[in-house]
1. Within region A:78-109, can you find the residues that are in a loop (DSSP other than H, G, I, E, B) and either within 14 Å of chain B (Cβ to nearest Cβ) or touching a residue at least 60 places away in the same chain (Cβ under 8 Å) (or both)?
2. Any chance region B:82-94 includes a residue that's within 13 Å of another protein chain (Cβ to nearest Cβ) and either assigned to a helix (DSSP H, G or I) or among the small types (G, A, S) (or both)?
3. Of the residues A:E43, A:E39, which is touching a residue at least 40 places away in the same chain (Cβ under 8 Å), open to solvent by 30 Å² or more (accessible area, probe 1.4 Å) and not small (G, A, S)?
4. Which of the residues that make up region B:23-51 are closer than 13 Å to B:R78 by Cα and free of Cβ contacts under 8 Å to residues at least 12 places away in the same chain?
5. Quick one: would you say B:S161 is outside any loop (DSSP other than H, G, I, E, B), open to solvent by 10 Å² or more (accessible area, probe 1.4 Å) and among the small types (G, A, S)?
6. Of everything in region B:1-29, what is more than 14 Å from every other protein chain (Cβ to nearest Cβ) and either surrounded by 14 or more Cβ atoms within 10 Å (Cβ to Cβ) or in contact with a Pro (Cβ under 9 Å, 6 or more places away or on another chain) (or both)? Give them in sequence order.
7. Only residues that are open to solvent by 30 Å² or more (accessible area, probe 1.4 Å), among the aliphatic types (A, V, I, L, M) and more than 27 Å from B:Y264 (Cα to Cα): list them for region B:338-375, please.
8. Residue pairs, Cβ under 6 Å, 6 or more apart or interchain, first in region B:227-243 and at positive phi, second β-branched (V, I, T). List them.
Amino acid sequence: MHIVVCTKQTPDSAAKLAVDDAGHVSWGDSPIVINPWDEYAVEEALLLKDRIDGDVQVVVISMGPEEALEALKHAIAMGCDRAIRIWDEAFAGSDTLATSYVLARAIEKIGDVGMVLFGKSAIDSQTGQVAVAVARRLGFSPLTNVIKIAEIDGASMTAERLLEEGRQVVQAPLPAVVGTTKGINEPRYPSFMGIRKATRAEYPLWTAGDIGAAADKVGAAGSGVRWERIFAPPAREGSAEIVAADTVEESARILVDKLLAEKVI
Amino acid sequence: MNFELAEEYQMVRRMVRDFAEKEVAPRAEEIDATDTFPVDLLRRMGELGIIGLPFPEEYGGSGMDYMSLVIALEEIARVSGTMAIVLDAQTSLCGEPIYLYGTEEQKRKYLAPVARGEKIGAFGLTEPNAGSDAGATQTRAVRDGDEWVINGQKIYITNGSAADVVVITAKTDPDAGTRGISSFIIEKGTPGFQPGRDEVKMGLKGSLTSELFFEDCRIPAENLLGTENEGFKQFLRTLDAGRVAIAAMAVGLAQGAFEKALAYAKERHQFGRPIAKFQAIQWMLAESATDIEAARLMVHRAAWLREQGTRFTKEASMAKLLATEVSERVCWKAIQIHGGLGYVREAGVERMYRDQRLCAIGEGTNEIQRLVIARQLLRE
């Protein structure tokens with residue numbers, strides 16, 4: 001059985017993002033790293049490999065240009081068995097709809113997939129949509145915000161989902177797509193043996209032709225979202241005033257007057 | 001010509017930095033304040049393979065190389081000088097001579113647990129009357145049947161009082177000067193081997209700097225490390241690598257202090273603007289960054305020469321001399337940029353200043369380094 005982990009390369013979380021007048025986004029010389037949320041997905045896949053009887057292989061995939069290798073190498077250094085980069089110039093400009101199509105085609109090509117794991121979202125675009133979209137396309141059980149995989153066998157799994165109201169225990173047949181969330185585990189550091197493996201491993205590239213992707217379903221053509229304009233939100237302006245009168249009652253009265261004048265209350 | 005670190009080394013740096021920031025940095029201040037030996041962090045560095053970086057896997061190592069250790073030392077020192085010296089003593093000073101000169105059995109028995117951090121290691125050379133002048137070693141080892149009988153005293157031994165495995169030097173031919181010194185492996189608990197007190201130091205608090213006493217301490221004949229009477233040559237080679245390690249530690253401390261100073265200079269406002277806008281501060285930052293860059297390049301080159309298997313005695317001494325003077329200057333400026341805050345504990349730069357001071361003394365004082373460099377120059 002294959003466990004597939006979908007990863008994305010993102011700028012480091014400490015990067016300072018900037019948008020120029022043409023709408024081009026840059027992040028200075030900040031390094032490109034594996035999306036930090038994806039480390040939880042990789043860790044969970046490695047833990048599951050140890051838990052499940054039989055021959056389980058963890059395959060990490062990433063759709064992206066050359067820089068996506070960074071995410072794949074990190075995952076291999078953590079202990080994944082193999083990595084595949086999926087890219088084609090035709091994929092440029094893909095939104096979550098088109099991305100989920102490409103990933104689903106690649107997962108089908110890998111074959112014998114029992115589970116697909118995702119981080120909760122990518123720290124750059126923060127949509128969190130791709131996991132569910134991939135599940136829909138593949139017909140797999142979609143489970144998001146998973147904080148614990150309690151039980152798993154060859155046919156089904158029981159998981160705990162972290163919701164605002166509390167935890168929800170759900171059971172789903174396999175194959176499933178699992179969106180992990182922070183707290184599900186503590187991602188391991190890459191091992192030095194893993195680092196050696198990662199720098200020597202092969203990273204096959206699958207193009208549109210390799211996964212049989214239709215031209216009208218990828219890139220801008222396959223996307224439902226159009227980026228009309230990209231701009232940095234205006235810097236917040238504000239000023240603070242401390243209301244300090246002789247008594248608390250007097251301070252409160254002045255504050256109420258000011259709030260009324262500003263039409264806040 | 002390529003000055004970029006190979007990808008493997010970049011990944012090592014990222015991994016060790018991640019560990020250092022998550023697990024070492026939050027403890028650095030407490031380790032300094034309480035002056036307690038962080039044995040759990042030493043074990044953790046073993047578990048993660050950091051101690052074993054330069055050793056092959058069959059001896060408990062990670063199968064990387066010395067360059068990786070140098071990078072790891074930089075990263076650990078960037079957040080804690082104490083953990084860097086603990087790592088240095090364990091790997092460079094104790095593990096390295098066993099790896100270089102040990103028999104297959106010695107490597108399996110002693111190096112493997114030291115590399116995995118299961119046993120604590122130390123190296124004992126300095127004595128009350130011998131340090132820079134190693135030929136004046138007074139500790140004696142006398143062969144008695146199948147045993148060696150050791151008598152003498154060592155001082156300033158890093159990791160000393162906690163060590164399970166100690167490599168020491170002792171005179172085996174008292175009339176032969178430096179040609180009459182040999183190395184031995186001694187285990188904790190051997191009758192006649194007794195650790196003494198731990199020194200109270202200026203910096204690197206939490207690391208142990210101990211006295212070791214040997215009184216009719218009997219060890220099996222097979223605990224001789226390397227060749228009899230070649231101990232001096234052996235530890236000179238160990239020290240070449242050790243000097244690069246100390247230099248890497250100095251670079252790391254300088255880097256850590258510099259980053260704090262840079263961040264503070266941008267945050268701290270005086271006369272209506274960040275102090276980084278003032279030329280006086282800018283010059284200090286520019287000088288520090290340049291100093292660190294130069295020191296790091298020298299350290300990496302010395303480590304690289306070692307990887308090539310070529311002689312690197314001069315380059316190791318040069319790297320240590322420069323890097324440790326750089327750490328002094330950079331940490332001094334980091335305190336100066338912080339002003340009053342730099343002198344109080346909270347900012348952490350005074351700790352780095354105290355910690356780095358050892359680097360110009362340990363593994364050969366900088367005066368000895370100048371001597372070594374000059375000797376090499378005049379010989380060439």
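1. Hits for region A:78-109 are A:G79, A:C80, A:W87, A:D88, A:A92, A:G93, A:S94, A:D95.
2. So far as region B:82-94 goes, no, none of its residues is within 13 Å of another protein chain (Cβ to nearest Cβ) and either assigned to a helix (DSSP H, G or I) or among the small types (G, A, S) (or both).
3. A:E39
4. Matches in region B:23-51: B:P26 only.
5. yes
6. Result: B:A25, B:R27, B:A28, B:E29.
7. B:I361, B:I368, B:L371, B:A374
8. Every condition considered, the pairs that remain are B:N229/B:T172.
The values are calculated or read from the model by the stated rules, or taken from the named source; none is laboratory data. Small disclaimer: the values here were computed from a predicted structure and weren't measured. Using ideal geometry, Cβ is built from the backbone for each residue, glycine included, and neighbour counts are taken over all protein chains shown. For the accessible areas, the whole protein counts, side chains as well, though only heavy atoms, and no ligand, DNA or RNA atoms are used. Shrake-Rupley method; radii C 1.70, N 1.55, O 1.52, S 1.80 Å.
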